[in-house]
1. Can we say Pro442 is surrounded by 18 or more Cβ atoms within 10 Å (Cβ to Cβ) and either touching a strand residue (DSSP E or B) at 6+ places or on another chain (Cβ under 6 Å) or within 29 Å of Tyr63 (Cβ to Cβ) (or both)?
2. Only one residue in Gly297, Gly327, Gly318, Gly334 is surrounded by 19 or more Cβ atoms within 10 Å (Cβ to Cβ), in a loop (DSSP other than H, G, I, E, B) and not aromatic (Phe, Trp, Tyr), so which one is that?
3. If we keep just the residues of the range 288-323 that are over 17 Å from the mean Cα position of the chain (by Cα) and charged (D, E, K, R), which is nearest to Leu443 (Cα to Cα)?
4. Which residue out of Leu88, Leu114, Leu84 is assigned to a helix (DSSP H, G or I) and modelled with pLDDT of 90 or more?
5. Does the range 250-266 contain at least one residue that is over 30 Å from Phe321 (Cα atoms), at pLDDT 90 or above and β-branched (Val, Ile, Thr)?
6. Scan the range 176-197 and tell me whether some residue there is at pLDDT 75 or above, outside any helix (DSSP H, G or I) and either over 23 Å from Gly327 (Cα atoms) or in contact with a strand residue (DSSP E or B) (Cβ under 8 Å, 6 or more places away or on another chain) (or both).
7. Right, Asp105: in contact with a Leu (Cβ under 8 Å, 6 or more places away or on another chain), surrounded by fewer than 18 Cβ atoms within 10 Å (Cβ to Cβ), outside the structural domain of Phe303 (by TED's automatic domain parsing) and not hydrophobic (A, V, I, L, M, F, W, C) or not?
Amino acid sequence: MSLVPDTFSDDESVTAPLLPPTAATATGAPAERTPLPFKQMLVLCIINICEPIQLTILFPFIYFMVKDFGVAKNDSEIGWYVGLITSLFSFAQVLSSLPIGWLSDKIGRRPVLLLGLAGNMFSSILFGLSTNLPAAIVSRFLLGLVNGNIGVAKSMTGEITDKSNRPAAFALFGVCFSLGGIVGPMIGGTLSNPVTQLPWLFGSSKLFREFPYLLPCLVSSFVSLTGLVVGWFHLEETLRRESEEVIVASASLLDQDAYQNTQSSVNPLPHPAIRKDRFPAKAYPAVLGLGLLAMTGIISEEFYPLLCTLPVDQLQNGFGFKSFEIGLSLSIRGCFTFLTQIFVFPFIQKTYGSLRSVRLALSVFLTSVTCLPFLTYIIPTFGEPTFWVFLVANLAFLTAGQMSTFTSMFLVVNESAETQSQLGRVNGMAQMAACVARTVGPLIGGFVWTRVFAMGVWWGKHVAYAVVVVVGGLLYLETFWIQKALGETAFDF
């Protein structure tokens with residue numbers, strides 16, 4: 001059945017709005033779920049684990065790495081360089097995502113993914129071998145470039161799955177991202193500077209004494225090497241060489257199938273048809289919202305290790321953590337991320353819906369962020385055991401709020417597409433906005449941290465975290481624009 005109404009001519013670029021399925025279309029028993037191709041999915045899961053590992057592995061030791069470079073005169077300047085190195089990863093992804101996707105359409109998915117794994121492996125080793133700031137900048141930029149193949153991995157996943165097993169495949173990617181968020185900080189925190197942290201095993205190693213941050217990078221490279229070896233023997237090409245008409249038809253069916261699995265409901269539009277060659281105007285607020293959320297999250301992530309490394313016994317006090325303790329706390333956050341996706345988010349999504357969940361979860365996240373710097377006053381008064389109790393509790397609420405906000409916003413972005421044919425462009429634009437925000441955010445955060453701590457006042461950390469709350473507050477206000485664009489009814493919070 002054609003999607004073009006009879007009232008329009010065949011040469012018009014239009015398509016009917018996507019309507020919720022009716023009972024008439026839901027006939028027959030549901031098809032049995034097709035088993036996922038294990039070897040193909042193993043490689044794709046490794047690729048999806050590599051990105052969060054490379055994104056988070058440096059958080060526990062980047063402060064000490066920059067300090068060892070000797071380019072910063074004080075702690076405030078270290079914050080600026082930390083922001084610069086952190087932002088390069090996402091900036092490089094912005095530059096490489098579209099060209100890599102185009103290349104995969106030309107030469108195939110398999111060679112692009114295998115080259116990405118090889119580049120990931122070598123770039124990670126180069127970062128671990130960095131002994132000066134320029135080397136760290138170049139290697140981190142290369143890491144971001146080769147991690148621009150996540151979109152290709154998702155494309156291949158859509159090509160090796162069908163309607164019955166595609167939701168399970170993409171849900172597995174979410175688990176992989178959470179796992180990478182747990183493993184990355186754990187590797188970076190426990191294996192950096194092994195001569196000092198693990199003297200019984202590496203105390204006599206000249207290699208790791210000269211390159212104290214090489215070992216965690218070697219471990220992350222081994223993950224990429226595993227994917228490369230398995231992929232070389234078992235990853236099959238999924239890009240079909242067919243006529244243009246067949247490709248268009250297959251893409252249309254795949255787009256409809258994927259959309260029906262991700263879209264719960266879309267409000268019917270008053271017009272009988274929508275032009276498919278334009279970007280939907282009502283999607284712009286959702287795209288902007290995801291960008292603001294990404295900026296809020298990345299600045300918060302940047303400030304946390306800086307707050308952790310501030311000494312306890314000074315005016316501008318912090319948690320006084322070493323690399324191991326930073327990695328431990330970040331791994332705890334990773335565990336809460338996993339639990340949130342399984343238990344917390346499904347409950348609030350089912351209870352409140354997508355847009356309401358954004359507001360509720362964002363409120364919890366911003367409240368936890370505001371309370372975080374106040375925990376620095378617990379250590380000198382009540383001791384470390386009490387401090388860790390409050391820290392774990394804060395991280396639980398902070399993580400649940402942040403992850404639920406992100407997942408709900410992803411659904412809002414999907415719901416802002418008016419037709420199936422617009423969904424790809426809407427998600428692509430939203431992903432681009434998030435990458436730009438993750439590029440600019442660390443630079444803003446590094447600038448703020450440098451300036452407020454140059455003032456030498458005790459309340460500097462509170463001003464820095466206030467920036468996170470301000471950006472998040474803009475997102476909260478922006479949800480009213482999203483609500484108006486989507487035509488949702490008013491809600492209470």
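1. yes
2. Answer to the check: Gly318.
3. Lys322
4. Leu114
5. Checked against the condition, which is being over 30 Å from Phe321 (Cα atoms), at pLDDT 90 or above and β-branched (Val, Ile, Thr), the range 250-266 yields no hits at all.
6. Among the residues of the range 176-197, not one is at pLDDT 75 or above, outside any helix (DSSP H, G or I) and either over 23 Å from Gly327 (Cα atoms) or in contact with a strand residue (DSSP E or B) (Cβ under 8 Å, 6 or more places away or on another chain) (or both), which makes the answer no.
7. yes
Table: residues versus (1) at pLDDT 90 or above; (2) of a type in the set (Lys, Arg); (3) within 25 Å of Ile85 (Cβ to Cβ); (4) crowded, with 21+ Cβ neighbours inside 10 Å.
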position	(1), (2), (3), (4)
Met403	no, no, yes, yes
Arg438	no, yes, yes, yes
Glu488	no, no, no, no
Phe491	no, no, no, no
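The values are calculated or read from the model by the stated rules, or taken from the named source; none is laboratory data. Keep in mind that what you see is a predicted model, and the values were worked out from it rather than measured. Positions of Cβ are generated from backbone atoms using ideal geometry, with glycine treated the same way; all protein chains shown enter the neighbour counts.
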